[in-house]
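Quick notes on the structure that follows.
The values are calculated or read from the model by the stated rules, or taken from the named source; none is laboratory data. Every value quoted in this text rests on a predicted model; they were computed, and no experiment measured them. No Cβ is skipped: glycine too gets one built from the backbone with ideal geometry, and neighbour counts run over all protein chains shown. Just so you know, the surface numbers come from the protein's heavy atoms only, side chains and all, with ligands and any DNA or RNA stripped out. Shrake-Rupley method; radii C 1.70, N 1.55, O 1.52, S 1.80 Å.
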Amino acid sequence: MELIKNWLQRNLKGDPILWAIVLLFSFISIAVVYSATGTLAYKKMNGNTEAFLIKHTSLILLGLFFMWAAHRVDYRHYSRLSLYALLLSVPLLLFTFFMGGAVNEASRWLTIPVINQTFQPSDLAKLALISHLASMLSRRQQHLHDFKSTLLPVMLWVGVICGLIILSNASTALLLFATCMLLMFIGRVPLKHMAVMVGIGIVLGGAGLAAGQRLGTVMSRVTSFTDKTKKTPFQLEHSYIAIATGGIAGKGPGKSTERNILPHPYSDFIYAIIIEEYGLLGGAVVLFLYLAFLYRGLKTVMNSYGAFGGLLSAGLSFSLVLQALVNMGVAVGLGPITGLPLPLLSMGGTSLIFTGISIGIILAVSRGEREIRPMTGEPDDTARIPKVSVSY
């Protein structure tokens, strides 16, 4: 036992509670996805119901490996890597829009040759933009009122990446933009500059929607949510049924009936399946785990030695938890249908890998490494994030 404890201490650095939360999410994901994909596997795999279980478990393990690898890297290196990732993301997003694989009339996926695995460049772009935004804000903490040298580059990158994503994926673009705004607020950007940013975002976002592939879908989903005289959308109706029949304690693992009817029960509406099988108690536990994840991520922000580490951890933590809250909100009818998966729980491909990398970076920050001044090589304690103060 002592040998195992020593090995864990040597190899699993960072916040141990965050590690425990992620591992618990992994076990829940394997169990729920196995249940939710039973009918799909039977139809597509000639009755081999374990096919998706094996595939999803393999991707979970791969995501955990990338998380472990990312947490071993000095987080300061991500400042430089984020710029290269952004420069790579732009042509990938453009290529995907014009030449990518289309699902539900949206070009979001590229297929990786040889392994035949789909890949969404927006996953890379999200991670790169949040990391680079944290880097830019941390290096300009003393010049945040200088619009030309500080805010203009920030607005440029946020506008370009969100504008390219919204062409084919409006919900992801809007959530990423909201995360960037939240990160700018934490980074003490003046409110008047943020207001300009919001105005530009509305104009560019509207133009992107009009020029892209999702305007009709967005309009219909918003109308369905706001117009109560219209019939409840099919998938939302059966999400309500799953939640209502789950009760307090649920039907039990593997006993969902709505998984055979509800579209995408293993991704977009997996939270409804969780409540159906594990009840409101199970749904509350999942919600608590996400809030605990956010708390540990923000605790890492408070304990970080420099502005970059704090902003990086805050941005990635909010990005994952906000997406989770939106997904769960859609399942219970608190928002229009978005098509966003539930991070750490939904069945996915390379998205699980990018989620693992994001959490690995948060864990790297939680290791408490000091940022080094580029010229002197001394610990930069002066770059520590101050208390959030609002400027006008």
At 7 Å along the Cα-to-beta-carbon direction for both Lys231 and Met302, put a label point, then send me their distance in nm to one decimal.
5.1 nm
For region 25-77 and region 234-260, distance of Cα centres in Å
22 Å
Counting only protein heavy atoms and a 1.4 Å probe, tell me what percentage of region 124-163's accessible area is made up of carbon and sulfur.
64 percent
Using the beta-carbon distance between His264 and Leu81 and R0 = 35 Å, what value does 1/(1 + (r/R0)^6) give for FRET efficiency, to the nearest 0.05?
0.60
So if I take the centroid of the Cα atoms in region 153-201 and the same for region 309-370, what is the distance between those two points in Å?
17 Å
What do you reckon, how do Tyr271, Tyr34 stack up by accessible area (1.4 Å probe), largest on top?
Tyr34, Tyr271
With every protein chain left in place, what is the accessible area per residue of region 203-255 in square angstrom, probe 1.4 Å?
60 Å²
Express the carbon and sulfur contribution to the solvent-accessible surface of region 183-304 as a percent, rounded to the nearest whole number, probe 1.4 angstrom.
70 percent
Bins of 10 Å from zero: percent of alpha-carbon pairs in the chain
5, 22, 31, 27, 12, 3, 0
Amide hydrogen neighbours beyond the local backbone of Thr118, cut-off 5 Å, H modeled
Ile112
Pairs beyond 25 Å (Cα-Cα), from Lys43/Lys228; Lys43/Lys255; Lys126/Lys231; Lys13/Lys299; Lys192/Lys299; Lys44/Lys255:
Lys43/Lys228; Lys126/Lys231; Lys192/Lys299
